[in-house]
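Engineer: Take this structure first; my questions come after.
The values are calculated or read from the model by the stated rules, or taken from the named source; none is laboratory data. Predicted model, so just to flag it, every value in this text is computed and none were measured. With ideal geometry, Cβ positions are generated from the backbone for all residues, glycine too; neighbour counts draw on all protein chains shown. All accessible areas refer to the heavy atoms of the entire protein, side chains included, with ligands and DNA or RNA removed. Shrake-Rupley method; radii C 1.70, N 1.55, O 1.52, S 1.80 Å.
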Amino acid sequence: PLDVEGQDPGDLYYVLAVLLRDQQQIDESAQAFRKAIKCRPNDFRFRTDFASLLAMIGQLDEAAEQLLQGLRINPRDVSVQRNLAIIRMRQGDPSAAIKRFTNVLKASPKDIACWYNLGNAYRVNGQLEEALKVYRHTLKIQPQMSLAANNLAWTLATHPDAGMRDGAEAVKWAERVCQQTGYAQPSFLDTLAC
């Protein structure tokens, strides 16, 4: 545990954690990450890499805490904001995810995946009009994004407000994604059937 030939023990534990993670020795890797963080609690890499491991094994609360600590260290890091938003969605908290995705888009306004995920967060949160706007914006930036087109079609076809439903536009988008995938994607076919 002491300084080995000038090498910081936190770095040694971090390297050990990464090697163990790569060998699928998850529990041992988590222990090594915890020791690395104990040695250097303000190391951004230690926090964010440990968060990735925790998210991978479904320990979302602890992963979110590590990401929040990472943001405390480096508040402008866009990838941490994005990862935290995805974790918030997995935790069933779309409102928190919307806030994080919006922060990412302020820094990276052409991040297609983030726009798509923001649309999903609005849809899950019941803000369907916002979801429609975001899906349409996503498709303006990336017209071939079939997942956004499918979700736009589904939302248009199933909107609880009859004034917002638009069957003709829904069919247009659903047919487009089905053609793109050679009518081989079951979820897209479900949307077209709807």
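Engineer: Look at D43 and say whether it is modelled with pLDDT of 95 or more and either on the phi > 0 side of the Ramachandran plot or not aromatic (F, W, Y) (or both).
Structural biologist: Details: modelled with pLDDT of 95 or more: yes; either on the phi > 0 side of the Ramachandran plot or not aromatic (F, W, Y) (or both): yes.
Yes, satisfied.
Engineer: If you don't mind, another one. For Q81, indicate whether it is in contact with a helix residue (DSSP H, G or I) (Cβ under 8 Å, 6 or more places away or on another chain) and either open to solvent by 60 Å² or more (accessible area, probe 1.4 Å) or under 17 Å from E62 (Cβ atoms) (or both).
Structural biologist: Values: in contact with a helix residue (DSSP H, G or I) (Cβ under 8 Å, 6 or more places away or on another chain): yes; either open to solvent by 60 Å² or more (accessible area, probe 1.4 Å) or under 17 Å from E62 (Cβ atoms) (or both): no.
In short, no.
Engineer: Could you figure out which of (1) within 30 Å of D190 (Cβ to Cβ); (2) open to solvent by 60 Å² or more (accessible area, probe 1.4 Å); (3) touching a residue at least 24 places away in the same chain (Cβ under 8 Å); (4) of a type outside the set (V, I, T) isn't true of R45?
Structural biologist: That leaves (1) as the condition not met.
Engineer: Which one is nearest to T191 (Cα to Cα), of the residues in segment 104-126 that are outside any helix (DSSP H, G or I) and under 17 Å from the mean Cα position of the chain (by Cα)? Give the steps one after another, and end with the answer.
Structural biologist: Within segment 104-126, the first condition is being outside any helix (DSSP H, G or I), and the residues that meet it are 108-111, 125-126.
Filter again for under 17 Å from the mean Cα position of the chain (by Cα), leaving 108-111, 125.
Details: S108: 30, P109: 29, K110: 27, D111: 25, N125: 20 Å.
Only one residue tops the list, namely N125.
Engineer: Would you check if there is a residue in segment 84-96 being open to solvent by 30 Å² or more (accessible area, probe 1.4 Å), free of Cβ contacts under 8 Å to residues at least 40 places away in the same chain, under 23 Å from Y13 (Cβ atoms) and not hydroxyl-bearing (S, T, Y)?
Structural biologist: no
Engineer: Mind checking which residues of segment 54-73 are of a type in the set (A, V, I, L, M) and either surrounded by 21 or more Cβ atoms within 10 Å (Cβ to Cβ) or closer than 15 Å to D93 by Cβ (or both)?
Structural biologist: Pass one, segment 54-73, residues of a type in the set (A, V, I, L, M): 54-57, 60, 63-64, 67-68, 71, 73.
Residues satisfying the conditions are L54, A55, L60, A63, A64, L67, L68.
Engineer: Could you tell me whether segment 115-138 includes any residue that is within 30 Å of E28 (Cβ to Cβ) and in contact (Cβ under 8 Å) with a residue 12 or more places away in the chain? Break it down into steps so the answer makes sense when it comes.
Structural biologist: Restricting attention to segment 115-138, the residues satisfying the condition of being within 30 Å of E28 (Cβ to Cβ) are none.
No, that holds for no residue.
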